[in-house]
C-alpha cells in the first residue's frame, strides 16, 4: 500500500486499511483480488524495477453469505485515494464486472474515491476535462449499475468529489459517525466565507438528515454488518428474484398488544415501529433512511421468509403528514421495490400533505404528485393496511390506481376528503354562525358526521374491502406475501431505480 508510515497513520486514526476492510466484509478467505500489482513502476537503466507506487484502488470478487459480489475499495494510504496515483481502469473494471456478470457491488470509499487532485495538472502535464474522451464511461457505470444490480456504498473517512457521487449513487449508503461527506471539503468552501470543520460541513447528522447518506454507525464493523444484512433481502441482479429464507415464525402468530396499539383519541400519537415488528417475521425488520423524511418509515422485512419493502407512517412526525422530504423518500423506495421485485406493504396513517408556509415553500404538492406517479407506475404486488388516517390527495396515494391491490382497514381507521376538525367550520359556516351557541353547534355537527364516517359505513358501500381485527394483520400479510410470490417477474423493471 502506501508504505509502513502511511499504514501506521491510517491505523492510528482508528481506521482500517482497505484490505483489512475487505477481509472483514466478505466471507473468510473468499476474496480474489484483481490487478494486485497494478501501479506506477520506476525502472533502472537495465530495466529492473526500482520502486512501485501501487494503484490506490483494490478490487476483486468475494462472497457474502456464500453469494458472489464485487468489492472495490479506495486505498487512502496512497495519495489519499486521488486519481493521479491510481490506474483509473481499476474502478471502471470493477463496475463493468458487476454490470456484465450481474453481481452486486460494494464500494468502500475514502478520500475522493478515484477523483481528481489539483496535483493531477502537474503530474499529467495538462488539466483534465471532466468526462472528456472516454471519461464518461466511468460516470455511466456509477449510476447505470443501479438499474441492474444491488449497489452499496460505505463512506469510511472524508469523502469528497467523485467519492461523494459514488457514495450517493447507491441503493444503500452508510457512513461512520467520525466520517464526513461533501462535494468540496472545508479548504475549498472556506473561499466562500464558510469556515467549517469537516463534521460541521458534512458530518453524519447533516448527511443523514439531508438524505445524502442513508445510515450512520459508530464503527466500521457495524457498517460491514449492515451492508451484509441489506444485501440479504435482495437478488443478485434484476434478472433474479429475492431469496426466500426458512422461517420458523408462525404466520398465524397473534399479538394481543395490537388491539390497543392505536389510542382512541385521535389527538394522541403512538409508536408505529412496534406495530411493524409485531406483524413481520420476528427480528426481520431492517429500517433504512431513518433520519430523512421522518413522517415515513421505510425498511426491508420478511413475511414467512419472503422479502418485502415496508412503508409505514410515523405519527410522531407531523402526525404522519407527507412533507416534501417524505414524498421524495416514497419515490425513492417505491422505485427500489420495483427494481428488485419486492412486494410493498404499507401501514398507513396519513392525514394528508403537510400544510402551511414552509410546506408551500418546499413545493410539497409537486413532490407529492411525483410520489403519486411512482406508486401508480409500479407493477409489484401491493398491500395496504389503513391503521388510522387517510385524507386528501396524499391519502389517495395509498395504493396503485390502475390495478388491484389488497387493502385492509383497522377499526381505528378514519378517512375522508379532509379531517372533520378542519372542514366543519368551512362547510357549515352559515349554520354555525346562525346558532346561539356556536361551540355546541360545531360539536353537534362533528358528532353527527363522526357516526357517518365510521369505517363500517364505508365497508357497507364497498369503499373499503374489509375491516379486520388488528390481531389478524400478520396472518393476512403473510397470505399476501405467498400470493404475491408467483407475480414477481425477474427482468428489467418498467420503472428502474437509476435515481440515487
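Structure above, values below:
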read-out	value
Dimensionless Rg ratio for the stretch 202-360, taking C-alpha atoms and the 2.2 N^0.38 Å reference	1.10
The stretch 338-366 and the stretch 45-76: distance between their alpha carbon centers, rounded to Å	43 Å
Principal axis dimensions, largest first and in whole angstrom, of the stretch 260-331 by Cα	35, 32, 15
Under 14 Å from the residue 255 label point (7 Å along Cα→beta-carbon), backbone N, the stretch 472-492	472-478
Mean Cβ count within 10 Å, highest first, over the residues of peptides 229-238, 300-309, 1-10	300-309, 229-238, 1-10
Separation of alpha-carbon centers, the stretch 272-293 and the stretch 180-218, rounded to whole Å	28 Å
Cα gyration tensor, the stretch 2-57 - rounded (a/c under 1.5), prolate or oblate	oblate
Gain on full stretching of the segment that runs from residue 196 to residue 239 - 0.36 nm per residue minus C-alpha separation	11.0 nm
Convex hull volume per residue for the stretch 201-265, taking Cα atoms only, in Å³	234 Å³
Taking the convex hull of Cα positions in the stretch 4-232, its mean projected area over all directions (nm²)	13.8 nm²
Helical mean residue ellipticity (222 nm; -39500 (n - 2.57) per DSSP H run of 4+; nearest 500) of the chain	-9500 deg cm²/dmol
Protection proxy ranking, peptides 70-77, 359-366, 449-456, average beta carbon neighbours within 10 Å, highest first	70-77, 359-366, 449-456
Rg(Cα) / (2.2 N^0.38 Å) computed for the chain, rounded to two decimals	1.12
Highest average packing first - 102-108, 138-144, Cβ atoms within 10 Å	102-108, 138-144
Anisotropy class of the stretch 350-485 from Cα gyration tensor, a/c 1.5 cut	oblate
At q = 0.15, 0.20, 0.24 Å⁻¹, base-10 log of I(q)/I(0) for the stretch 305-349 (Debye sum, equal scatterers on each alpha carbon)	-0.41, -0.67, -0.87
Reduced Cα scattering model of the stretch 374-449, Debye log10 I(q)/I(0), q = 0.17 Å⁻¹	-0.74
As computed over the stretch 153-249, the Cα convex hull volume per residue (Å³)	114 Å³
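We did not get these values from a lab; they are worked out from the coordinates using the rules stated. From a predicted model like this one, the values you see are computed outputs, not experimental measurements. Glycine gets a Cβ as well: all are built from the backbone with ideal geometry, and neighbour counts include every protein chain shown.
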